[in-house]
Amino acid sequence: MHAVALSLAVWALVQVPVPPPRDTLRVYAVGDLNLGRWITHQRLLKGDTLYPFRVVRDTLKRADLLFGNLESAIAPAGHRYEDTGSVVFTAPPIAADAIAKAGFTVVSDANNHAWDGGRAGVFATLRELDRVGVAHVGTGRTLEEAHRPAWIERRGWRIAVFAMTRAFNPAPYDFYSHEGSKYVAWADSTWLYPAIREVKASGRADLVIVSVHGGTELSDGPDAYLKKFWRGAVDAGADIVLGHHPHVLQRVEWYRGKPIVYSLGNFVFEQTSPWTRLSAIFRFVVTPDGTITADLIPTRANFQVTFAAGAAADSIRRRVGPLAAPTPASDAP
C-alpha cells in the first residue's frame, strides 16, 4: 500500500509542468501598417502578398515577437477601399496573409480607422487574422474581448499585449455615442490600469506591452495628457509602451527603467510630408532578469518599406533621440 502511494506521488510529481527557463527575448515593433492604400491594395489583389515587406522581411523575421499597428481594416471582399481624396482605408482579405508572411506575431486593430469597414470590417479583420494565426488586440466581437490582452508565449516568457485608441474618426468628440464603442477599446485608465495590475499580480504575465493610438498628427512630441496616461501605464506595471498615430517618429522616454515610444511613426504608409517617410524598426532586448535595452534600424516608409542610410538614417536617430536607458539617478519619476 505504501509502495502504491509512493508511486502515485512520484507520478503526480512528474506530471506537474515545469515552466521553461526564460531566455533573452527580442521584441520588435513598427508603426502604422496601411494595406488599403491603392498601390498596396492592387498589389495584394494580384497575389503579391510580400510586396509591402519584401525588402525588410528577413530582418523582421529575427524577432521573437513582432508588433505593428494595423491602420486598415481587413474588410469583406468587394468592400469600398481608398478612392482619390478619401480617407477610407480597408484592405482585402489577402492582406492577412501578407501580415503573416512578414512575420507579425500580434497587431493592434484599435485606431481611428478601425471602423472604416463598419462592424462587418471589424469582424472580418478578426476572422482573417485568426485564419492566418496572427494575434490581434484592441477590437473584439464584444467590448470585453476588445479589452482583453493578446497572450503570447515566447522563450519562457508569458507576454500580455494590450491595445487601445484615443482617436476615432466616426465620433472624434464623443466616442461612447457611436456603435463602435461596443467593439473598439478606448484608452481609459479606469479599465486599463486595473487590468495591468491584475495580470502582473496574478503571475499570469511576465511582460506587459501596451499599445496606444493617439496624439496630434505630425507633432514632434507627445501631448501632455497622453504622456501622463502612458506613464501611468508603467506605474501600473507595463514594461514597454508603444504609441502611434502622429505619423512621424517621436522621442523615446525611459520612465522607471521602462521604454515609452511616443510615436512609432509610419511603416507601410505613403504620405507626402518628408517627415512621415522617416521610419524605423524598433528593437527591444529583454534579458532573463527583465532588463530592457533598445535600439532601432532606420527605414523609409512607403507602399513598400525600404532601409534608410546616410542623412536619412541620421535624421531618424535625431528624431528618436538616445535609446540607451538613463542611469537610475537620472530616471526621474
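With the requirement that a residue be crowded, with 19+ Cβ neighbours inside 10 Å and either under 16 Å from the mean Cα position of the chain (by Cα) or in contact (Cβ under 8 Å) with a residue 40 or more places away in the chain (or both), what does segment 276-286 give you? Within segment 276-286, THR276, LEU278, SER279, ALA280, ILE281, PHE282, PHE284, VAL286 meet the criteria. Tell me yes or no: at least one residue of segment 82-95 is open to solvent by less than 10 Å² (accessible area, probe 1.4 Å), over 19 Å from VAL184 (Cβ atoms), at pLDDT below 95 and polar (S, T, N, Q). No, the conditions are met nowhere in segment 82-95. Evaluating ARG158 against the criteria (1) surrounded by 22 or more Cβ atoms within 10 Å (Cβ to Cβ); (2) under 26 Å from ILE281 (Cα atoms); (3) among the charged types (D, E, K, R) leaves one unmet condition, (1). Looking at this structure, is ASP289 modelled with pLDDT of 95 or more, in a loop (DSSP other than H, G, I, E, B) and either hydroxyl-bearing (Ser, Thr, Tyr) or open to solvent by 40 Å² or more (accessible area, probe 1.4 Å) (or both)? Answer is yes for this residue. Consider segment 174-194 and keep the residues that are outside any loop (DSSP other than H, G, I, E, B) and touching a Ser or Thr at 6+ places or on another chain (Cβ under 8 Å). The one that is surrounded by the fewest Cβ atoms within 10 Å (Cβ to Cβ) is LYS182. Give segment 252-275 a look and list any residue that's open to solvent by less than 40 Å² (accessible area, probe 1.4 Å) and among the β-branched types (Val, Ile, Thr), or say none. Listed by number, the residues that qualify are VAL252, ILE260, VAL261, VAL268. Residues that are open to solvent by 10 Å² or more (accessible area, probe 1.4 Å) and either within 28 Å of THR306 (Cα to Cα) or in a strand (DSSP E or B) (or both) within segment 225-246 comprise just one, HIS245.
The values are calculated or read from the model by the stated rules, or taken from the named source; none is laboratory data. Everything numeric here is computed off the predicted structure, so don't read it as measured data. Cβ sites come from the backbone with ideal geometry, for glycine too, and all protein chains shown count toward neighbours. Keep in mind that these areas ignore ligands, DNA and RNA; they rest on the heavy atoms of the full protein, side chains included. Shrake-Rupley method; radii C 1.70, N 1.55, O 1.52, S 1.80 Å.
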